[in-house]
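A short write-up of the structure that comes next.
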Amino acid sequence: MPELRQNFFTKEWVIIATERAKRPEELATHRPAQSLPPFVETCPFCPGNESKTPPEIMRFPANASQPWAVRVIPNKFAALSREAQPARSQQDVWRRIEGFGFHEVVIDSPDHSCCMALLPDEQVASILRVYKERYTLLSMDRRVNHVTIFKNDGLDAGASLHHPHSQIVATPVIPSQVRHRLHEALRHYDDAGECMFCHMVERELEDQTRIVIKSEHFVAMEVFASATPFATHIFPLRHMATFGDISATEIADLARVLRSLLAENPDLNFTVRSGPSDYASARHFHWYVSVIPRLTRVAGFELGSGMFINTVLPEAAAEFLRNIGAGKAEGAGASAS
Ligand SMILES: [Zn+2]
Ligand SMILES: [Zn+2]
């Protein structure tokens, strides 16, 4: 029988359509191996072509005499402009803010052919450290109210360039989807006197059925009321409201968990869902990483109602991911190699 499930964080309902359920293996097709060369003469992100991008914002390692491993540049086709000022205006029912913001590209690796899933854990950790540094610096700008860190991996996920990269967008407003989660988190804290994310993680760890990977500092799990197949959330086990609070040890552990999850997925988007930086010590919010494989397309019912139909049972997705080896990072934090 089909079942409606409510998302504990957002209170949104989804339909888990078991009648029309596909088995996870029908959807979880590995992307065909792309035989990309490690260097492409015309690619602006490849080493040697640095002059084809806007001037770089930061690089790792910082020493310019060494080759870069991770590089941050302004997006040449930025959605928002750092030159603008977030001046607000309202005329009758029309409210506007000038298009101020930051839109940056993180070049994940000098290697054109290597997607994040195939990078060494240490390189993924370097990318995460760069995310943290940019998150912290952008958050210090008083005009910035929210920083979104995300990756579009694969053409189905909206990536327009093959060279592996992530993006960071800092906006002068808190997006309404984020605001909604913050409100629900605060409401839960008022009602129950606890972080709803910590509470949910504790219950999921007891239940076990949706857990994919449990490492020393993180847990990756399928979402109980997942709107789309294989939506996976990675939570820090320690309560932290913002990504800026992550420690060096936790970054190394997250790199292992993230990379092993990505290795099992086709085209996907991932997002670091963090509270705004002013939430640093907030007790009611808890940051996490959301990994959404792009296996299905949004159609009329979803657009018309905002309600999603998920054809894969989250428990079956978790079992599938554990079986094909995403769970092999289990205990990874305890046994660093
Ligand atoms: Zn390239
Ligand atoms: Zn928490």
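Bear in mind that the values in this text are calculations on the coordinates, not laboratory data. Nothing here was measured: the structure is a model prediction, and the numbers come from that model. Virtual Cβ from ideal backbone geometry, glycine too; neighbours counted across all protein chains shown.
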Test: residue in the range 165-178 that is part of a helix (DSSP H, G or I) and surrounded by fewer than 17 Cβ atoms within 10 Å (Cβ to Cβ): yes
Whichever residue in the range 53-108 is under 21 Å from Met140 (Cα atoms) and among the polar types (S, T, N, Q) and, among such residues, is surrounded by the fewest Cβ atoms within 10 Å (Cβ to Cβ): Gln85
Which listed residue is free of Cβ contacts under 8 Å to residues at least 24 places away in the same chain and either within 16 Å of ligand 1 (Cβ to nearest atom) or loosely packed, with under 14 Cβ neighbours inside 10 Å (or both), from His199, His183: His183
The range 127-144, subset of a type outside the set (Lys, Arg) and over 22 Å from Pro164 (Cβ atoms), residue surrounded by the fewest Cβ atoms within 10 Å (Cβ to Cβ): Met140
From the options Ala159, Ala192, residue that is farther than 24 Å from Gly244 by Cα and either touching a helix residue (DSSP H, G or I) at 6+ places or on another chain (Cβ under 8 Å) or within 16 Å of ligand 2 (Cβ to nearest atom) (or both): Ala192
Residues of the range 164-180 classified as more than 16 Å from the chain's Cα centre (by Cα) and touching a residue at least 24 places away in the same chain (Cβ under 8 Å), total: 5
Flag for Ser226 being surrounded by 20 or more Cβ atoms within 10 Å (Cβ to Cβ), touching a Phe, Trp or Tyr at 6+ places or on another chain (Cβ under 9 Å) and of a type in the set (Ser, Thr, Tyr): yes
Residue check for Leu254: surrounded by 23 or more Cβ atoms within 10 Å (Cβ to Cβ) and out of contact with any Ser or Thr (no Cβ under 7 Å at 6 or more places or on another chain): yes
Options Ser89, Ser51, Ser65; residue that is assigned to a strand (DSSP E or B) and farther than 15 Å from His165 by Cα: Ser89
